[in-house]
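Reading through the structure tokens given below for one structure.
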Amino acid sequence: MNETKIGSLARATTMSRRGFVKAAAAAGAVGAAAGSMFSTSSWLKPAEAHAESGEDVFYTFHQSLCNGNCSLKCTSRDGRLCKVEPNDMLSPEYSMCCARGMSEIQHIYGETRLQTPLRRVGERGEGQFEAISWDEAMKEVGDQLKAVWDKYGKESVYVSLSSEPRFGLLAGLLSASTYVEPGIDIGIGNGLDPATGQNGFYACTNETRDMVNAKFIMINGHNFAETGMMQARNLLDAIEAGVELVVVDPHFSTTASKAHKWIPITPGTDAAMYLGMISHILDNELYDEEFMAAHSSMPYLLKADGSFLRWQEVSGTAPRQIEDTTTKTTKDFDPFVVWDSKAGAPKVYDDAEAVPALTAPASSGYTTVFDQLKKSQKPYTLEWASERTGISVDDLAYIAERYATSGASMLGLGMGGADKYSNADVLGHAVAILVALTGNIGGPGKAVGSMHGGRGYSASLASWKFPDPTMKANSLKMFAYDFRMQKNDVHAVISVGNTLQQFFANMNLTEEWLKTLDFVLEIDIYHCESVRFADIVLPACTKFECPEEVGDVKCAANHIMTVGRGLDPLFESKTDFQIMLEIAKAVGLEDAMPATAEEWVRYQVDNNTAATLKGIALDDVLENHGLMPFVGIEKPRIGFADQKYKTESGRLDVYYEKMVKWDQALPTWEECSEAYDDNPARAEFPYQITQTRTRFFIHSMFYDAKWINQYFDAYAEMNPADMAKEGISDRAIVECYNERGSFKCAVVANESVRPGPLRTTEGAW
């Protein structure tokens with residue numbers, strides 16, 4: 001078969017499988033697992049090796065990373081998992097399980113399952129290991145961590161946490177530095193979250209059950225029908241109820257096939273679309289003046305240098321004392337100022353008697369945020385936006401008008417699409433402006449943000465109290481992706497899950513940085529790409545393996561749910577709690593830990609103060625097949641229904657004063673760093689690779705699941721017109737490359753893919 005090279009501006013993901021394990025010199029060190037590590041042919045045969053004969057039912061929850069948050073009823077026969085279905089105590093609207101969950105019947109016994117602790121032999125990154133015992137592994141872990149502590153301090157250990165496995169105590173136990181998902185999926189949130197004061201990856205302000213109350217829903221860069229499968233029924237219910245759905249996506253997706261209108265867009269130009277919508281709403285006065293004046297920063301007065309006029313400067317009074325929601329301490333707050341149209345004078349922004357003006361008189365010497373917005377938006381006409389996005393002027397006008405005037409509009413923003421471009425913060429900020437202009441927040445059918453996970457009611461469980469108050473997780477002093485290019489104090493990494501592949505861009509830089517570290521520990525269920533860089537590898541259990549009455553607990557999808565006693569740990573693997581306890585013993589901190597997983601779970605449940613868990617006891621949860629619904633969830637959650645935001649002022653604050661020096665106090669268009677039409681590199685790399693998410697995987701999870709692989713494997717999709725231009729036949733092998741790397745795969749003709757980009761799915765390894 002002929003092979004074609006395709007120059008691409010996008011990052012590449014290696015698809016070659018590495019050598020798994022170097023044969024152990026002393027096979028006896030790992031018992032029955034040794035000697036059969038290269039194949040499943042022998043260790044899957046005798047059912048008697050796992051349990052007594054018979055059939056048992058147990059309850060657990062599934063992987064967290066997809067945000068499906070499924071509670072499962074599982075059947076084992078002769079000690080082997082044989083059936084996975086939804087928990088029988090779930091109400092019909094929550095009773096669900098996708099093909100990924102059901103495929104666990106094969107996947108947990110898959111060929112890439114880590115069976116025993118491993119120790120690196122050869123150079124870091126070569127992926128060559130020898131099998132060792134747990135005792136040997138934990139001595140090495142303890143010695144290495146203590147050596148790093150002695151030399152650099154405890155904060156020099158960085159715990160990089162995925163959602164799976166779940167190691168919530170580890171960073172605090174070790175007083176290590178940590179930050180969940182540093183840099184991934186936060187681009188849009190950098191622009192949107194400051195306006196509401198949220199800090200949750202631009203989480204949707206309303207629950208997806210509320211979709212049915214909207215009149216107009218626009219989903220941008222999110223194939224919700226596939227990547228939000230557990231909540232997609234809410235979208236289908238909304239469509240059936242008469243809600244108009246518009247999908248904006250470069251490619252025709254499953255979600256687009258359900259929409260009333262699909263609008264294709266040039267990748268990387270989503271921010272331009274929103275800027276054009278803002279201008280159309282301003283030019284046609286489609287905004288909500290009452291909402292802006294009462295609930296947003298639009299009437300705040302600005303000085304000539306672009307900074308806010310503050311009340312102390314006007315009145316000479318002392319600053320107020322308000323609570324810092326991050327630190328839970330008090331801090332000084334000098335209030336904002338508005339122009340009171342009734343008194344014809346400046347007033348403090350929350351004066352109940354004032355009538356805030358959206359436009360300040362020229363004689364005042366000040367402008368309002370709204371004045372400044374109208375000025376800054378002048379270049380961003382519909383014609384300008386159309387030229388950049390490839391969306392017609394008529395379509396841009398249509399979605400702007402429907403969003404502004406429907407009476408209840410929802411704007412769903414994806415993760416894994418537009419948020420990965422360098423101008424994603426401009427996108428998020430422009431969306432915040434749209435919300436403030438139209439008031440589409442805080443009411444039924446009025447919402448904005450990512451819909452992943454349904455965004456239902458929350459409940460915080462109690463955090464385990466370590467005996468030493470200095471035992472607490474330390475926040476990183478910089479984002480983890482900067483470790484590779486800036487001086488830092490991190491000298492050891494504990495990677496839990498496939499974080500080294502999933503959380504960092506440009507694996508070439510990441511690999512070079514990893515080689516400089518004193519110690520790398522990988523804890524995982526499967527032999528993923530991150531394993532390759534570890535010095536010690538520890539095998540973790542799946543959520544289907546639990547030797548205790550209860551092994552874990554979480555609050556998600558409007559329920560509290562547990563991992564109950566299930567299969568015995570397979571091979572030489574240990575549960576998440578057992579591994580944390582082993583690490584504690586290795587560094588002499590076992591007395592700080594709960595003695596058992598059940599003690600830990602009971603502490604979290606018994607000491608919680610969440611209103612949604614009032615009256616719920618752990619024994620009740622266990623008796624109810626491992627889950628209970630929250631209290632008071634009969635109606636969908638509506639965020640900011642009281643129009644009180646988590647910002648300094650308590651309003652929707654859309655003017656970012658700290659960004660004045662970068663001309664981004666209000667959203668200003670920026671081209672993407674690479675994906676733009678006039679980039680000279682396009683001469684050599686004419687194509688973009690758009691990496692999308694798929695119903696078959698959860699990031700890199702399940703890429704090795706054989707039951708799923710029979711329906712899907714990694715390939716690139718390309719528009720037939722581009723293939724004809726390049727002389728590429730359907731299913732031919734191509735090499736996609738740029739200066740950072742390359743990979744080879746089959747290319748598949750698909751008219752749903754727009755000319756120019758190629759579409760692949762993320763997570764291949």
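Each value in this text was obtained by applying a stated rule to the coordinates, not by laboratory testing. Computed from a prediction, not measured in an experiment: that's the story for all the values here. Ideal geometry is used to build each Cβ from the backbone, glycine not excepted, and the neighbour counts take in all protein chains shown.
What fraction, in whole percent, of alpha-carbon pairs in region 103-259 exceed 29 Å separation?
For region 103-259, the share of Cα pairs beyond 29 Å comes to 47 percent.
Work out the FRET efficiency for Asp482 and Lys151 from their Cβ-Cβ distance, taking R0 = 22 Å, and round it to the nearest 0.05.
Once rounded, the FRET efficiency stands at 0.50.
So which of Lys477/Lys585; Lys342/Lys446; Lys146/Lys515; Lys261/Lys644; Lys446/Lys614 end up more than 23 Å apart by C-alpha?
Numbers: Lys477/Lys585 28 Å; Lys342/Lys446 31 Å; Lys146/Lys515 20 Å; Lys261/Lys644 34 Å; Lys446/Lys614 29 Å.
Among Lys477/Lys585; Lys342/Lys446; Lys146/Lys515; Lys261/Lys644; Lys446/Lys614, the Cα-Cα distance tops 23 Å for Lys477/Lys585; Lys342/Lys446; Lys261/Lys644; Lys446/Lys614.
Along the charge dipole of region 543-676, which of Gln643, Phe630, Met659 sits closest to the positive end, that is, farthest toward it, with unit charges on the beta carbon of Lys, Arg, Asp and Glu (+1, +1, -1, -1)?
Gln643
Taking the Cα centre of region 615-688 as origin and charging only Cβ (+1 Lys, Arg; -1 Asp, Glu), how large is the dipole, in debye to the nearest 20?
Working: 8 positive and 15 negative charges, 77 e Å.
Around 380 debye, computed over region 615-688.
Per 0.36 nm of contour for each residue apart, how much would the distance between Trp707 and Glu383 grow if the chain were fully extended, relative to their Cα-Cα spacing?
111.7 nm
What is the packing order of peptides 487-493, 346-352, taking the mean over residues of other C-beta atoms within 10 Å and listing the highest first?
Highest-to-lowest ranking by the protection proxy: 487-493, 346-352.
By average Cβ neighbour count within 10 Å, what is the ranking of 265-271, 530-536 from highest down? Intermediate results must be reported in sequence, preceding the final value.
Details: 265-271: 26.3, 530-536: 24.4.
Most protected by this proxy first, the peptides run 265-271, 530-536.
Give the cross-link partners of Lys374 among the lysines, using a straight C-alpha distance below 18 Å as the criterion and excluding same-chain residues fewer than 8 apart.
Counting by Cα, and skipping residues close in sequence, Lys374 has these lysines nearby: Lys303.
In percent, how large is the relative contact order of the chain, given Cα pairs closer than 8 Å and 6 or more residues apart?
RCO, the chain: 23 percent.
Would you mind checking the tilt of helix 576-586 against the longest principal axis of the Cα atoms of the chain, expressed as 0 to 90 degrees and rounded to 10?
70
Any idea how far the Cα center of region 572-622 sits from the one of region 137-167, in Å?
So the separation of the two Cα centres works out to 20 Å.
Sort Cys546, Cys555 so that the residue with the fewest other Cβ atoms within 10 Å of its own Cβ comes first and the one with the most comes last.
Going from sparsest to densest Cβ surroundings: Cys555, Cys546.
Asp489 to Gln643: extension gain in nm, 0.36 nm per residue of separation minus the Cα-Cα distance? If you can, show how the numbers build up before the last one.
On the way: separation 154, 0.36 × 154 = 55.44 nm, distance 4.21 nm.
In short, 51.2 nm is gained.
Taking the Cα centre of the chain as origin, work out the dipole magnitude from +1 charges on Lys and Arg Cβ and -1 charges on Asp and Glu Cβ, in debye rounded to 20.
So the magnitude is around 320 debye.
Can you tell me the FRET efficiency between Thr329 and Glu599 if r is taken as the Cβ-Cβ distance and R0 is 25 Å, rounded to the nearest 0.05?
According to the calculation, E is roughly 0.20.
Under a cut-off of 15 Å between alpha-carbon atoms, report the aspartates and glutamates in cross-link reach of Lys658, not counting same-chain residues fewer than 8 places apart.
In chain and number order, the partners are Asp193, Asp305, Asp425, Glu648.
If you take the charge dipole of the chain about its Cα centre, with +1 on Lys and Arg Cβ and -1 on Asp and Glu Cβ, which of Val531, Ala681, His280 is farthest toward its positive end?
The residue sitting farthest along the positive end of the dipole is Ala681.
Would you mind checking which residues have amide H under 5 Å from Asn87's amide H? H placed 1.01 Å from N; only 5 or more apart, or other chain.
The answer is Ser71, Leu72, Lys73, Met96.
State log₁₀ I(q)/I(0) for region 587-689 at q = 0.11, 0.19, 0.21 Å⁻¹ as given by the Debye formula over alpha-carbon point scatterers of equal weight, solvent excluded.
Log10 I(q)/I(0), no solvent term: -0.81, -1.04, -1.17.
Sort largest first and round to whole Å: the equivalent ellipsoid semi-axes of region 376-498, each the square root of five times a Cα gyration tensor eigenvalue.
With the √(5λ) rule applied to region 376-498, the semi-axes are 39, 23, 13 Å.
Only counting other Cβ atoms within 10 Å, I'd like Glu735, Glu285 sorted with the fewest neighbours first.
Details: Glu735 15, Glu285 8.
In increasing order of surrounding Cβ atoms, one gets Glu285, Glu735.
Compute the acute angle (0 to 90°) between the alpha-carbon long axis of helix 270-283 and the principal axis of greatest extent of the alpha-carbon atoms of the chain; round to the nearest 10°.
Long axis of 270-283 versus the principal axis of the chain: about 20 degrees.
Kindly give Rg over Rh for the chain, based on alpha-carbon atoms, with the Kirkwood expression for the hydrodynamic radius.
Taking Rh as the inverse mean 1/r over Cα pairs, Rg/Rh reads 0.97.
Quick one: give the max-minus-min coordinate of the C-alpha atoms of region 560-643 along each principal axis, largest first, in Å.
50, 29, 20
Compactness ratio of region 234-299: Cα Rg over 2.2 N^0.38 Å, N = residue count? Could you put the intermediate results ahead of the total?
Numbers: Rg = 15.7 Å, N = 66, 2.2 N^0.38 = 10.8 Å.
With N residues counted in region 234-299, Rg over 2.2 N^0.38 Å equals 1.45.
Please work out, to two decimal places, the log10 of the ratio I(q)/I(0) at q = 0.14, 0.19 Å⁻¹ from a Debye calculation in which every Cα of region 396-458 carries one identical scatterer.
Results for region 396-458 at q = 0.14, 0.19 Å⁻¹ read -0.45, -0.80.
I need the per residue convex hull volume for region 471-615, using only the alpha carbons, in cubic angstrom as a whole number. Let's see the in-between values first.
Numbers: hull volume 22.7 nm³, N = 145.
In region 471-615, the Cα convex hull volume per residue is 156 Å³.
Obtain the nm distance between the two label points defined at Ser257 and Glu85 by a simple spin-label model: each point lies 7 Å from its Cα along the Cα-to-C-beta direction.
2.8
Taking only Cα atoms, what is the 0 to 90° angle, nearest 10, from helix 424-438's long axis to the longest principal axis of the chain?
Orientation of helix 424-438: about 50 degrees from the principal axis.
Roughly what % of Cα-Cα distances in region 97-174 sit above 17 Å, to the whole percent? Present the calculation step by step, with values, prior to reporting the outcome.
Working: 2048 of 3003 pairs.
More than 17 Å apart: 68 percent of the Cα pairs in region 97-174.
Arrange Ile322, Ile441, Ile263 by Cβ neighbour counts within 10 Å, fewest through most, would you?
Ile322, Ile263, Ile441
Would you kindly state how much longer the chain becomes between Ser364 and Lys139 on full extension, computed as 0.36 nm times their sequence separation minus their alpha carbon distance, in nm to one decimal?
Gain on extension, Ser364 to Lys139, equals 73.8 nm.
Of all beta bridges DSSP finds with both residues in the chain, what is the antiparallel percent, to the nearest 5? Kindly include the intermediate steps, with their values, before the conclusion.
Numbers: 53 of 106 bridges.
The answer is about 50 percent antiparallel.
Can you give the helix-only mean residue ellipticity at 222 nm for the chain, where every DSSP H stretch with n ≥ 4 adds -39500 (n - 2.57) and the sum goes over all residues, rounded to the nearest 500 deg cm²/dmol?
Calculated mean residue ellipticity at 222 nm is -6500 deg cm²/dmol.
When every alpha-carbon pair in region 309-417 is counted, what percent end up more than 16 Å apart?
When every Cα pair of region 309-417 is considered, 75 percent fall beyond 16 Å.
Quick one: Kirkwood hydrodynamic radius for region 664-765, alpha-carbon pairs, angstrom, one decimal?
15.4
Report the semi-axes of the equivalent ellipsoid for region 268-355 in whole Å, largest first, where each axis is √(5λ) for an eigenvalue λ of the Cα gyration tensor.
Semi-axes (√(5λ), whole Å): 29, 20, 13.
Based on the Cβ-Cβ distance from Glu126 to Lys342, what FRET efficiency comes out when R0 is 60 Å, to the nearest 0.05?
0.20
Which of the listed residues, Ala241, Cys70, Val159, is farthest toward the dipole's positive end in the chain, when Lys, Arg count +1 and Asp, Glu count -1 at the beta-carbon?
Result: Val159.
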